[in-house]
Amino acid sequence: MHPMLRLLAIGAGVGLAYTLPMRLLFAWAGEAHNGATVGVAGVMTTAFLFGVPAATGALSVGWDGQAGPVPLRRALLLPWVACATAVLVAMLTLIEGSICLAMAAPVFLLMGSLGGWAMWWTQRRRANRGGAGVASLSIAALLPLVWGGAEAQLTAPADTWQVTNVQVIAAPVAVVWEQVASVRKIEPSELPPSFAHWIGLPRPIEATLSAPAKGGVRMASFERGLVFREEVTDWQPGKTIAFGIRAEQAPAEALDEHVVVGGRYFDVLDGRYTLRAIDPQHTEVTLSSTHRLSTTLNGYAGLWTRAIMWDLQRVILHVVAKRSESRS
């Protein structure tokens, strides 16, 4: 068989025969464990996100090198074929949503290469005995399961982060305040390019305010039927509006199951706008929000949630700025 065809066949075979079944197995195991409020034996774990692609890379190189050690370059790149096959099939079959795939793909490629390198190193040490050995392949295949079993004994931490955006708008405070307190329907042409929306986050539509006072309720609507109830907790006209946030409607098709707002893994808790007059024609607007993340891989997932929340808030402030500046 041509070397390139062999590489593709082995990579795709491992991706379909090992990586995808492991995804289904970890998802099945992801129910609440021993009464914990957050199931930690599932997909949102280090065992799956780091262990499974490492095992995928090791198995790919181990299968490819049964006749002897493979070149290092091949050992580093072959796992990408297996991981990419699994990601592509998961995307096409809707096993996983675009948001989670975007978060997982970089780690899958990196850990796949790391696992491939580990098997390449093992092959070189066993070169005089031929191949990687059944023991090495078995250890690689079972490592994520053992890792996941140990991780299942943990209770995921509930970490909270605050994300803040600041923008100077060329408009008086009174004009900006009108755009902040209540947001009329947003046309698609008003929205700037956004990475968060590109990977599948619903776009904002409008935010209506029931009463201009503390205790009033803002209903923030997004695409695909996603609606948030925002109860005003601080109301200082021209200065501050703050609100607690609760998902009022979150249809299954609105967000990936692992990033559902108000779910066991992720939630947005509150938001606050603060306005400060720089001069009569310029206003500094600060938009901050607090979100909660409850997984055993908060260190990595938190990088994504903070970046996504910052991007979403940037889009909102862009709309506020353009509308305010056009009015002033």
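Here are the numbers for the structure shown:
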{"item": "Every residue from the range 245-254 that is assigned to a loop (DSSP other than H, G, I, E, B), in contact (Cβ under 8 Å) with a residue 24 or more places away in the chain and among the aliphatic types (A, V, I, L, M)", "result": "Ala250, Ala254"}
{"item": "Criterion violated by Leu269 - all others in (1) in contact with a His (Cβ under 9 Å, 6 or more places away or on another chain); (2) surrounded by 17 or more Cβ atoms within 10 Å (Cβ to Cβ) satisfied", "result": "(2)"}
{"item": "Residue list for the range 125-148, filter: loosely packed, with under 13 Cβ neighbours inside 10 Å and at pLDDT 80 or above", "result": "Ala135, Ser138, Leu142, Val146"}
{"item": "Search result, residues across the range 199-249 that are of a type in the set (Lys, Arg) and either exposed (fewer than 14 other Cβ atoms within 10 Å of the Cβ) or in contact with a helix residue (DSSP H, G or I) (Cβ under 7 Å, 6 or more places away or on another chain) (or both)", "result": "Arg203"}
{"item": "Among (1) within 29 Å of the chain's Cα centre (by Cα); (2) part of a loop (DSSP other than H, G, I, E, B); (3) surrounded by fewer than 17 Cβ atoms within 10 Å (Cβ to Cβ); (4) not aromatic (Phe, Trp, Tyr), the one test that Thr160 misses", "result": "(2)"}
{"item": "Selection from the range 250-263 of residues that are under 28 Å from Pro157 (Cβ atoms) and either of a type outside the set (D, E, K, R) or out of contact with any helix residue (DSSP H, G or I) (no Cβ under 9 Å at 6 or more places or on another chain) (or both)", "result": "Ala250, Ala252, Ala254, Leu255, His258, Val259, Val260, Val261, Gly262, Gly263"}
{"item": "Conditions (1) surrounded by 15 or more Cβ atoms within 10 Å (Cβ to Cβ); (2) within 27 Å of the chain's Cα centre (by Cα); number of the one not met by Leu275", "result": "(2)"}
{"item": "Which listed residue is free of Cβ contacts under 8 Å to residues at least 40 places away in the same chain, outside any loop (DSSP other than H, G, I, E, B) and hydrophobic (A, V, I, L, M, F, W, C), from Leu303, Leu275", "result": "Leu303"}
{"item": "Meets criteria (in contact with a Ser or Thr (Cβ under 9 Å, 6 or more places away or on another chain), in a strand (DSSP E or B) and not acidic (Asp, Glu)) for Ala242", "result": "yes"}
{"item": "Residue, farthest from the chain's Cα centre (by Cα), within the range 194-209, restricted to residues that are assigned to a loop (DSSP other than H, G, I, E, B) and on the phi < 0 side of the Ramachandran plot", "result": "Arg203"}
{"item": "Filter result for Val232 (of a type outside the set (Asp, Glu), over 17 Å from Leu312 (Cα atoms) and part of a strand (DSSP E or B))", "result": "yes"}
{"item": "Residue within the range 106-118 that is loosely packed, with under 15 Cβ neighbours inside 10 Å and either in the same structural domain as Ala196 (by TED's automatic domain parsing) or modelled with pLDDT of 90 or more (or both) present", "result": "yes"}
{"item": "Checking Glu151 against (1) buried (at least 18 other Cβ atoms within 10 Å of the Cβ); (2) modelled with pLDDT of 90 or more, the condition it does not meet", "result": "(2)"}
{"item": "Residue in the range 210-228 that is touching a residue at least 12 places away in the same chain (Cβ under 8 Å), basic (Lys, Arg) and outside any loop (DSSP other than H, G, I, E, B) present", "result": "yes"}
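The values are calculated or read from the model by the stated rules, or taken from the named source; none is laboratory data. Predicted, not measured: the structure shown is a model, and the values here were computed from it. Note that we place each Cβ from the backbone using ideal geometry, even for glycine, and neighbour counts take in every protein chain shown.
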